1. If you go through the range 85-98 one residue at a time, how many are in a helix (DSSP H, G or I) and more than 13 Å from the chain's Cα centre (by Cα)?
2. Hey, any hits in the range 99-106 for a residue that's within 29 Å of residue 167 (Cα to Cα) and either within 16 Å of ligand 3 (Cβ to nearest atom) or more than 15 Å from the chain's Cα centre (by Cα) (or both)?
3. How many of the residues in the range 124-143 are in contact with a helix residue (DSSP H, G or I) (Cβ under 6 Å, 6 or more places away or on another chain) and more than 16 Å from ligand 4 (Cβ to nearest atom)?
4. When you check residue 72 against the structure, is it away from ligand 4 (no atom under 13 Å from the Cβ) and closer than 27 Å to residue 25 by Cβ, yes or no?
5. Condition first: buried (at least 19 other Cβ atoms within 10 Å of the Cβ) and within 12 Å of ligand 2 (Cβ to nearest atom). Can you find one or more residues in the range 23-37 that meet it?
6. Condition check: in contact with a helix residue (DSSP H, G or I) (Cβ under 8 Å, 6 or more places away or on another chain), under 23 Å from residue 11 (Cβ atoms) and within 16 Å of ligand 1 (Cβ to nearest atom). Does residue 109 satisfy that?
7. Surrounded by fewer than 24 Cβ atoms within 10 Å (Cβ to Cβ) and more than 14 Å from ligand 4 (Cβ to nearest atom) - does that describe any residue in the range 43-51?
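Computed from the coordinates by the stated procedures, all read-outs in this text should not be read as laboratory data. This is a predicted model, so every value here is computed, not measured. Backbone-built Cβ (ideal geometry, glycine too); neighbour counts: all protein chains shown.
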Ligand code: DGI
Ligand code: FE
Ligand code: FE
Ligand code: FE
């Protein structure tokens, strides 16, 4: 059983300083949300500590993981490379440190896009990443207010904001983001 400090010691060398500091804020936020909405706080802490583990990996290495591992959906390669670090990070942790908890791996894997049938833990990590105190997305204050009381409503608005943002920029939207949204509506 890994502690918060062990997890953070593990990810620190893999991340640039601002990304590491973001990670610590997501851990704190995830614990608050887990306590509030009844997710396992230790799993929330570990999922959050590792959620961006692969964020600073070179794109060619992320791409190679997606090409080689049967478990990763190949269609990720047709979408923005920003979406690759969650699914790849989860598999890297499984292989490197034998992290095998399916709930944690799911939360890490889906933290950027969301997915159909998200667990409370998936939602807690997704939302913690979206509302951590230094985030300044347009509309984040309204999501933070909803996150005081209503996990599903907060996640729905975060997904909506992201979809509207991407469509507004003429960018693609990964199907799992729509699945997550439709599932909550
Ligand atoms: O890794 P972080 O910067 O902490 O945050 P993240 O993993 O949630 O990445 C979020 C960014 O990914 C977000 O600002 C928009 C971008 N993005 C690109 N395509 C998609 C997408 N986000 C979602 N949910 N769905 C997409 O298809
Ligand atoms: Fe991320
Ligand atoms: Fe996110
Ligand atoms: Fe993040």
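1. As a first pass, look at the range 85-98 and keep what is in a helix (DSSP H, G or I): 85-97.
Applying the additional criterion that residues be more than 13 Å from the chain's Cα centre (by Cα) yields 91-97.
Looking only at that region, the number is 7.
2. Restricting attention to the range 99-106, the residues satisfying the condition of being within 29 Å of residue 167 (Cα to Cα) are 105-106.
Then keep just the ones that are either within 16 Å of ligand 3 (Cβ to nearest atom) or more than 15 Å from the chain's Cα centre (by Cα) (or both); that gives 106.
Checked against the condition, which is being within 29 Å of residue 167 (Cα to Cα) and either within 16 Å of ligand 3 (Cβ to nearest atom) or more than 15 Å from the chain's Cα centre (by Cα) (or both), the range 99-106 yields at least one hit.
3. 1
4. Details: away from ligand 4 (no atom under 13 Å from the Cβ): yes; closer than 27 Å to residue 25 by Cβ: no.
The answer is no for residue 72.
5. We begin by selecting, within the range 23-37, every residue buried (at least 19 other Cβ atoms within 10 Å of the Cβ); these are 23, 26-27, 29-31, 33-34, 37.
Narrowing further to those that are within 12 Å of ligand 2 (Cβ to nearest atom): 23, 26.
Yes, some residue in the range 23-37 is buried (at least 19 other Cβ atoms within 10 Å of the Cβ) and within 12 Å of ligand 2 (Cβ to nearest atom).
6. Details: in contact with a helix residue (DSSP H, G or I) (Cβ under 8 Å, 6 or more places away or on another chain): yes; under 23 Å from residue 11 (Cβ atoms): yes; within 16 Å of ligand 1 (Cβ to nearest atom): yes.
Taking the combined requirement at face value, the residue satisfies it.
7. Step one: list which residues in the range 43-51 are surrounded by fewer than 24 Cβ atoms within 10 Å (Cβ to Cβ), which gives 43, 45.
Now drop any that are not more than 14 Å from ligand 4 (Cβ to nearest atom), which leaves 43, 45.
Yes - at least one qualifying residue is present in the range 43-51.
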